[in-house]
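Input: one structure, supplied below.
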Ligand code: C2O
Ligand code: CU
Ligand code: CU
């Protein structure tokens, strides 16, 4: 049905053996797969998830980017599901829910990065009522992992946590450099998720003739498509691509992004972010069935549905300033003391996460403008649950087209202004750095809208 449908899924979080690069790896996963099953929805649908925790650790589930109520167990940051326990979640998507690619992952504070890094994530696709016609759709979930010789997932050192861990292996749909087989002349839609705990990258398609453009990012569609190379995916970001394929071979490459270093690299290059290009997948495009199939493909991006209201000319009811900071808190002594980050404090407005404290009290039905500053040597991707953010200004630059995201990178030493319409759902939820090690070390705050 076009709306008012429902999807019921059972997800079992468990340890499993999964083959990576021809070797067995002891990963965590949903229903035994890495990534977990893709959940396909339409605006207006009801999503019901039964989560069964077969891990030895506390977990829970978060539906990243979905515009759904945080009430009850809806915002799982505050829910704990113990080993052997299960929990049922219900999410009612509004009829005008923006289409796009979203995802799910655990959100138990303190172990989010560990559980994602071990394999717990999956994609959610919210389809348009009238999607562009394509020959094939693929969901491409990018993640990274570090495995020991005997296939155990390796834990990072404390400096790696402070930097935000980057795995040695870069995976696409749980595989190392898989082959994507396609047909010349075809148009495909690729739904890309950055499910890495900390890694930033952009994508590049090498080889002759094939090309890709970005038609959506995070929330909804873009008013006009943009070039693939222009888009950086911070952890948690997604993008929606239309790919026109032509015969031949090529590669899908992850291009590194400079996201800064702790204390200007003082911790040594060993824990720095990736700095070389990596192949994510090989592309093999066979000869097309017939020539001339490219008919009527050019209007694929015509009148995209799912544009959100443009807040650039809207009256702002309230302005706030937030500051993300990485500082040598413990070493400076004073009243702040030593935070959970050891020698470094990762804070928002000088504080680490406290789930009993309300950091931002917002009036439901209002539009707010948040200026988020970053004091420190490293980028922090800022994520807000439930309500999308429209990017207004990035270090003095204004996006030409309206742009809605749910993870907005705040560059080192810079600041970003966003507008948020706190509408449809009230309740208590969080915002945090989506370098998940930073989130686990306390770079998270709470917001209450009522
Ligand atoms: Cu992708 Cu609060 O999470
Ligand atoms: Cu989220
Ligand atoms: Cu951060």
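Computed from the coordinates by the stated procedures, all read-outs in this text should not be read as laboratory data. Small disclaimer: the values here were computed from a predicted structure and weren't measured. Ideal geometry is used to build each Cβ from the backbone, glycine not excepted, and the neighbour counts take in all protein chains shown.
Could you let me know the centre-to-centre spacing of segment 198-252 and segment 86-107, using Cα atoms, in angstrom?
So the two Cα centres are separated by 24 Å.
Follow-up. Which translational diffusion coefficient, to the nearest whole µm²/s, is obtained for segment 318-449 from the Stokes-Einstein equation, given a Kirkwood hydrodynamic radius over C-alpha pairs, 20 °C and 1.002 mPa s?
On the way: Rh = 15.0 Å.
Rounded to a whole number, D works out at 142 µm²/s.
Which Rg and Dmax, in Å, describe the Cα atoms of segment 1-157?
16.3, 49
Can you give the helix-only mean residue ellipticity at 222 nm for the chain, where every DSSP H stretch with n ≥ 4 adds -39500 (n - 2.57) and the sum goes over all residues, rounded to the nearest 500 deg cm²/dmol? Could you put the intermediate results ahead of the total?
Working: 4 runs with 21 residues, N = 450.
Result for the chain, helices only: -1000 deg cm²/dmol.
Would you kindly calculate the translational diffusion coefficient of the chain, applying Stokes-Einstein with the Kirkwood radius from alpha carbon pairs, for 20 °C and a viscosity of 1.002 mPa s, and quote it in µm² s⁻¹ without decimals? Can you show the working numbers first?
Numbers: Rh = 22.3 Å.
For the chosen part, D equals 96 µm²/s.
Quick one: order 80, 247 by neighbouring beta-carbon count within 10 Å, fewest to most. Show your work: numbers first, answer last.
On the way: 80 13, 247 17.
Going from sparsest to densest Cβ surroundings: 80, 247.
Kirkwood Rh over alpha-carbon pairs of segment 144-253, then Stokes-Einstein at 10 °C and 1.306 mPa s: what D in µm² s⁻¹, rounded to an integer? Don't skip to the answer; put the middle values down first.
Values: Rh = 15.6 Å.
Rounded, D is 102 µm²/s.
Just want the ordering: 96, 173, 440, from fewest to most Cβ atoms lying within 10 Å of their own Cβ. Could the numbers behind the result be given before it?
Working: 96 13, 173 20, 440 25.
Starting with the residue having the fewest Cβ neighbours, the order is 96, 173, 440.
In angstroms, what radius of gyration and Dmax does segment 384-450 have, counting Cα atoms only?
Both quantities, over Cα of segment 384-450: 12.9, 35 Å.
Now a separate question. Return 47, 15 ranked ascending by Cβ neighbour count within 10 Å, so the fewest neighbours appear first. Display every interim value, and only then the final one.
Numbers: 47 22, 15 16.
Ordered by Cβ neighbours within 10 Å, fewest first: 15, 47.
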